[in-house]
Amino acid sequence: MSLFATKPLHMLTAESGDHEHSLKRTLGPAALVGLGIGAIIGAGLFSLTGIAAANNAGPAVVLSFVAAAIGCAFAGMCYSEFSTMIPIAGSAYTYAYATMGELIAWIIGWDLVLEYAVGAATVSISWSSYVISLLHDFGINLPPALIASPWQPVALPDGTMVHGLINLPAVIIVCALSALLMVGIRESARINEVMVVIKVTVVLVFIIGGWGYMNSANHTPFIPPNTGTFGEFGYSGILRAAGIIFFAFIGFDAVSTAAQEAKNPQRDMPIGIIGSLVVCTILYVLFAWVMTGLQPSSAFKGSAAPVAVAIAATPFTWLAKGVKFAIICGYTSVMLVMLLGQSRVFYSMSRDGLLPGVFSAIHHKFRTPWRSNMFFMVFVGLFSAFAPISLVGEMTSIGTLLAFVIVCVGILVMRRTLPDVPRPFRTPWVPLVPILGVLANLGLMLGLGRDNWLRLVIWLGIGLLIYFLYSRKNSKVQAAQSRRAA
């Protein structure tokens, strides 16, 4: 039994045509782009832009967004090639299984729990704080015991710090979105599209409304001189800011988890992945340009709400509440896509025998992996209810970057081992693009600090224990290899 047994493409193709156990193909290119935008645009745009401008790049944060987008594009093109070759649910897990073997596939599948499930818990806690704040604006205050974890104090809108019993709003949104995903992918995509329209509308209103109130002096100098410290303005500041705001782009890879629910994955998956990246990059660049034009970059330093500082330079002060509502919508769609992605990864791992069959059970009417959705409703809900955000938040980014690295390496492997397989979308300039993707994402991983690496190693250690005690013994690929050897 080989630890690096690969799953043949013909087996993957056969599974995608198994209508009895397959997911329902209902998503077109617009819905896939919507899923990508839903996963990408969260609160990061509204908070990280001001932080990076004030501390690192000044108005040149615009260039930082471009640099971060290029780094994401390397991984995005690799994801696009795989998603057209292997239009199966599971994203990076499935791609690793086809190229680098079962052990690597298990590692990346287990790692994706950090990105999707733990990430959804992180977002739900932040979602709760914004909902509490918006309700306070309208004179509605929830009981402190029901809005916070017992292990992390939360600041009430009046500034009071409280310890709670349970973060009930976070649990409610996780349960509601999980129930929506159980009902169907089409219904989930429609709700996501509504959330996307709302938050993109607020971003466009900010850009269009603020454009006429910009002060050109705030963009001068466009690249502030370096202070003598690497990362504090100058060209090094642009690079440092790119690393910070890179995380405002995370999420586009979740589109690839829906490949088995796309009507025409060979055509539509690249549109969904690359299209959502392009749309978000344009919005990010324009948003950053207007924001740094409304106020000098130094005005955002230390501000918890940098967009509100920018809006103060316009007569549209009412827009501050609109931004808060857009952040809530943004978080809602991010959670929806993360919960969708996680259930599809476990669905694929379960069909391969690496996890119990309960995770690949398909609802006879809705054609969704409803038991997988239910499991993660409980799992994520417990994190949302009781875990401190400082713990779950720091675990998310390193898992995402590791997935990017493995997908980029997978393209290099697949081009060598299966050079003649049809590729409806081909990553350009191979091996340059995948190598740059590996280097860019590894560089960002190295910048995340020793504690994050330690958590990743511990998490992967737990995963390897499960693999050797259960998954390897129940693997369908290993069983097929044993039969052939006999």
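The values are calculated or read from the model by the stated rules, or taken from the named source; none is laboratory data. All of these numbers come straight from a predicted model, not from anything done at the bench. Methodologically, a virtual Cβ is constructed for each residue, glycine included, from the backbone with ideal geometry; neighbour enumeration extends over all protein chains shown.
Annotation note: Cβ proximity below 7 Å between a residue of region 474-486 that is over 17 Å from R351 (Cα atoms) and a residue that is not in a helix (DSSP H, G or I) (sequence gap 6+ or interchain) occurs for S482/M1. A count restricted to region 327-349 and to residues that are aliphatic (A, V, I, L, M), in contact with a Ser or Thr (Cβ under 9 Å, 6 or more places away or on another chain) and either surrounded by fewer than 24 Cβ atoms within 10 Å (Cβ to Cβ) or closer than 19 Å to F252 by Cα (or both) stands at 7. Just so you know, in region 24-73 the residues that are surrounded by 22 or more Cβ atoms within 10 Å (Cβ to Cβ) and among the hydroxyl-bearing types (S, T, Y) include one that is nearest to A326 (Cα to Cα), and it is T49.
The set of residues in region 409-441 being part of a loop (DSSP other than H, G, I, E, B), modelled with pLDDT under 90 and of a type in the set (A, V, I, L, M) consists of L418, V421.
Looking only at region 1-20, residues that are over 17 Å from T94 (Cα atoms) and either of a type in the set (D, E) or modelled with pLDDT under 75 (or both) come to 3 in all.
What number of residues within region 323-368 are within 24 Å of E115 (Cβ to Cβ), of a type in the set (F, W, Y) and either touching a residue at least 24 places away in the same chain (Cβ under 8 Å) or not in a helix (DSSP H, G or I) (or both)? Of the residues in that region, 3 qualify.
Yes or no, residue by residue, for (1) small (G, A, S); (2) touching a strand residue (DSSP E or B) at 6+ places or on another chain (Cβ under 7 Å):
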| site | (1), (2) |
| --- | --- |
| P224 | no, no |
| T229 | no, no |
| A248 | yes, no |
| A262 | yes, yes |
| Y284 | no, no |
| W289 | no, no |
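Candidates are the residues of region 75-109 that are within 19 Å of the chain's Cα centre (by Cα) and of a type in the set (S, T, Y); the one that is surrounded by the most Cβ atoms within 10 Å (Cβ to Cβ) is Y79. Taking D352 as the residue in question, decide whether it is acidic (D, E) and surrounded by fewer than 21 Cβ atoms within 10 Å (Cβ to Cβ). Against the criterion (acidic (D, E) and surrounded by fewer than 21 Cβ atoms within 10 Å (Cβ to Cβ)), D352 does not qualify.
Yes/no matrix, rows are residues, columns are (1) among the aliphatic types (A, V, I, L, M); (2) modelled with pLDDT under 90:
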site	(1), (2)
A89	yes, yes
I104	yes, no
I107	yes, no
A117	yes, yes
S126	no, yes
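Report yes if some residue within region 466-473 is at pLDDT 85 or above, among the polar types (S, T, N, Q) and either under 19 Å from the mean Cα position of the chain (by Cα) or not in a helix (DSSP H, G or I) (or both); otherwise report no. The answer is no, given that none of the residues of region 466-473 is at pLDDT 85 or above, among the polar types (S, T, N, Q) and either under 19 Å from the mean Cα position of the chain (by Cα) or not in a helix (DSSP H, G or I) (or both).
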